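Written out below as structure tokens is the structure these notes cover.
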Amino acid sequence: MKNLDDFLLLVENEIGLSLTPATVGAGFDELPGWDSLHLLTLLTAIERETGQRVPMAQVLEASSLHDIFVLTAPARTVGT
């Protein structure tokens, strides 16, 4: 996963939530059916795909999936 499109595809494949670059910044409370299980599923998928640990304390402060993308993007793009 190297970019936002890859992240959005992961979200759709793992959670079934179809977002666009324009909607990925919506707050968690605006996402239909969003709950903590979705967050854990996504974080596990990100770790599996990147081979990197996700900074959990920072993720818990995130207010949107875009925030999570920003937190995890540097680990995915190093060396590319």
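The values are calculated or read from the model by the stated rules, or taken from the named source; none is laboratory data. For clarity, every value in this text was computed on a predicted model and none was experimentally measured. Positions of Cβ are generated from backbone atoms using ideal geometry, with glycine treated the same way; all protein chains shown enter the neighbour counts.
Taken over the range 22-59, the criterion of being not small (Gly, Ala, Ser) and not in a helix (DSSP H, G or I) is satisfied by 23, 24, 31, 32, 34, 35, 52, 53, 54, 55. Within the range 26-59, restricting attention to residues that are farther than 13 Å from residue 71 by Cα and small (Gly, Ala, Ser), the residue that is surrounded by the most Cβ atoms within 10 Å (Cβ to Cβ) is 45. Quick one: in the range 63-80, of everything that is farther than 11 Å from residue 1 by Cβ and crowded, with 16+ Cβ neighbours inside 10 Å, which residue is modelled with the lowest pLDDT? For the range 63-80, the residue satisfying everything is 71.
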